[in-house]
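The values are calculated or read from the model by the stated rules, or taken from the named source; none is laboratory data. Remember, predicted model here, so these are calculated numbers, not experimental data. Virtual Cβ from ideal backbone geometry, glycine too; neighbours counted across all protein chains shown. The accessibility values were calculated without ligands, DNA or RNA, using every heavy atom of the protein model including side chains. Shrake-Rupley method; radii C 1.70, N 1.55, O 1.52, S 1.80 Å.
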Amino acid sequence: MTPDYVNRYARHLVLKEIGGAGQQALLAAKVAIIGAGGLGGPAGLYLAAAGVGHLTIIDDDVVEASNLQRQVQFVTTDIGMEKSTVMADTLDDLNPDVKAIGYVGRLNKRNAEELLKGHDVILDGVDHFETRFAINEAALTLGIPLVSGALGRFEGQVSAFLSNKKGPCYRCFVPQIPPNAETCSQVGVVGALAGVIGSMMALEVIKIITGAGEPLIGKIWLFDGLKAQARTISLPQDPNCPACS
Ligand SMILES: [Zn+2]
């Protein structure tokens, strides 16, 4: 433990739920962040700050002016640049203990396992159901815990799945693509809400890595920003789930 290490992680080291062992686990952990957007951004910033040693950022998009209202990992001069590359550089700068790698490309059914293997936790911050299904299926095949988040307007949700087929998976929750699925670009979203949900996702990843508390395994945390109310509901495993049954 160097003085730099003790200084940087002092607020973790004094927590009995994290401490030295938890910090070492964070530094050794490898987390895949899919989607360098409104959820992946704040989540990635907090995970890098927490000292998660290896972060892979997967995204095929470039930064647009309309992203900056909520994607606080980017600045105005990043417009037009590849999101995953810019975000990886930002996370590297935030914490020299972090090795962040940006993958420019879209995760799909064919490449999901290849991209995600070797990670300890997967963070799904995408806004596309087919990609979410591909992530879930790869997580189940690889047995990697998955933290998933979604948001729209003033509402958001977070859930976690162990991907061990002994509990629910993402498709127990969303078996098929909802017929009238709406995107944030259609319905709008408050930027600060992306910070709430993305930060909650980072917190769940940190809990899974360090063993602190009770992660949202098999549960869904629902947040209503307009009412400032949250509730947690249990999600049973679906015996007819197209992915895990
Ligand atoms: Zn399932």
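With r defined as the distance between the Cβ atoms of Phe154 and Thr2 and R0 fixed at 41 Å, what FRET efficiency is calculated, to the nearest 0.05?
Working: r = 44 Å, r/R0 = 1.08.
Efficiency computed from Cβ-Cβ geometry: 0.40.
So how much slack lies between Leu142 and Gln69, counting 0.36 nm per residue of separation and subtracting their Cα-Cα distance, in nm?
Computed gain between Leu142 and Gln69 is 22.8 nm.
Compute, for the range 11-234, the length of the dipole vector about the Cα centre, with Cβ point charges of +1 (Lys, Arg) and -1 (Asp, Glu) only. Units Debye, rounded to 20.
760 debye
Among residues other than Leu226 whose Cβ falls under 15 Å from its Cβ, what is the net charge (Lys/Arg +1, Asp/Glu -1)?
Residues close to Leu226 contribute a combined charge of +1.
Provide the gained length on full extension for the span Leu15 to Val104, in nm with one decimal, where the gain is 0.36 nm per separating residue minus the Cα-Cα distance.
28.4 nm
Roughly what % of DSSP beta bridges within the chain run antiparallel, to the nearest 5? Don't jump to the answer; show the numbers that get you there.
Numbers: 19 of 39 bridges.
Percentage antiparallel, nearest 5: 50.
Return the long-range amide H neighbours of Ile57 (sequence gap of 5 or more, or a different chain), with a cut-off of under 5 Å between placed amide H atoms.
Ile33, Ile101, Gly102, Tyr103
Rounded to the nearest 0.05, what FRET efficiency is calculated for Ala228 and Val62 with R0 set to 35 Å and r the Cβ-Cβ distance? Could you put the intermediate results ahead of the total?
Numbers: r = 35 Å, r/R0 = 0.99.
Plugging the Cβ-Cβ distance into 1/(1 + (r/R0)^6) gives 0.50.
FRET efficiency for Ser185 and Met81, Cβ-Cβ distance as r, R0 = 30 Å, nearest 0.05?
0.90
Calculate for the chain the 222 nm mean residue ellipticity that helices alone would give, adding -39,500 (n - 2.57) per DSSP H run of length 4 or more and normalising by residue count, nearest 500 deg cm²/dmol. Could you put the intermediate results ahead of the total?
Details: 10 runs with 90 residues, N = 245.
So the calculated ellipticity at 222 nm is -10500 deg cm²/dmol.
Return the sequence-ordered ³J(HN,Hα) values of the range 101-117 in whole Hz as given by the Karplus equation 6.51 cos²θ - 1.76 cosθ + 1.60 applied to θ = phi - 60°, using x for Gly and Pro.
Couplings: 10, x, 10, 8, x, 9, 6, 9, 4, 6, 9, 4, 5, 4, 6, 9, 4 Hz.
With every protein chain left in place, what is the accessible area per residue of the chain in square angstrom, probe 1.4 Å?
Value for the chain: 48 Å² per residue.
Read phi for every residue in the range 177-184 and hand back ³J(HN,Hα) as whole Hz from Karplus 6.51 cos²θ - 1.76 cosθ + 1.60, θ = phi - 60°, with x for Gly and Pro.
3J(HN,Hα) across the range 177-184, in whole Hz: 5, x, x, 10, 4, 10, 9, 4.
Once the Cα atoms of the range 1-66 are picked out, what are the Rg and Dmax in Å?
Rg and Dmax of the range 1-66, Cα atoms, are 14.3, 43 Å.
Does the range 7-128 classify as rounded, prolate or oblate by the C-alpha gyration tensor (a ≥ b ≥ c root eigenvalues; a/c under 1.5 gives rounded; else a/b over b/c gives prolate, otherwise oblate)? Working shown, then result.
On the way: a/c = 2.28, a/b = 1.43, b/c = 1.59.
It is oblate, given that a/c is not under 1.5 and a/b is not larger than b/c.
Counting only protein heavy atoms, what percent of the accessible surface of the range 1-146 is carbon or sulfur at a 1.4 Å probe?
The computed percentage sits at 53.
Taking amide hydrogens as modeled 1.01 Å from N in the peptide plane, which residues meet the under 5 Å criterion relative to Lys219, leaving out close sequence neighbours?
Ala160, Leu235
Give the percent of DSSP beta bridges with both residues in the range 105-194 that are antiparallel, rounded to the nearest 5.
65 percent
Using a/c under 1.5 as the rounded threshold, could you call the range 64-217 rounded, prolate or oblate? The axes a ≥ b ≥ c are square roots of the C-alpha gyration tensor eigenvalues, and prolate needs a/b larger than b/c, oblate otherwise.
Verdict is rounded for the range 64-217.
Determine the shape class of the range 142-245: with a ≥ b ≥ c the square roots of the Cα gyration tensor eigenvalues, call it rounded for a/c under 1.5, and otherwise prolate if a/b is greater than b/c, oblate otherwise.
The shape class here is oblate.
Which ³J(HN,Hα) values, rounded to whole Hz and listed in residue order, are derived for the range 152-167 from phi using the Karplus coefficients 6.51, -1.76 and 1.60 in 6.51 cos²θ - 1.76 cosθ + 1.60 with θ = phi - 60°, glycine and proline given as x?
Those phi angles translate into x, 6, 10, 10, x, 8, 9, 8, 9, 9, 6, 6, 10, 6, 9, x Hz.
Count the net charge of all other residues whose Cβ sits under 12 Å from the Cβ of Val174, scoring Lys and Arg as +1 and Asp and Glu as -1.
So the environment of Val174 carries a net charge of -1.
Could you compute the net charge surrounding Gly191? Neighbours are other residues with a C-beta less than 13 Å from the C-beta of Gly191; K and R count +1, D and E count -1.
Here the count lands on +2.
For the ranges 203-213, 88-98, 146-156, 1-11, what's the packing order if you count other beta-carbon atoms within 10 Å of each residue, average per peptide, and put the highest first?
146-156, 203-213, 88-98, 1-11
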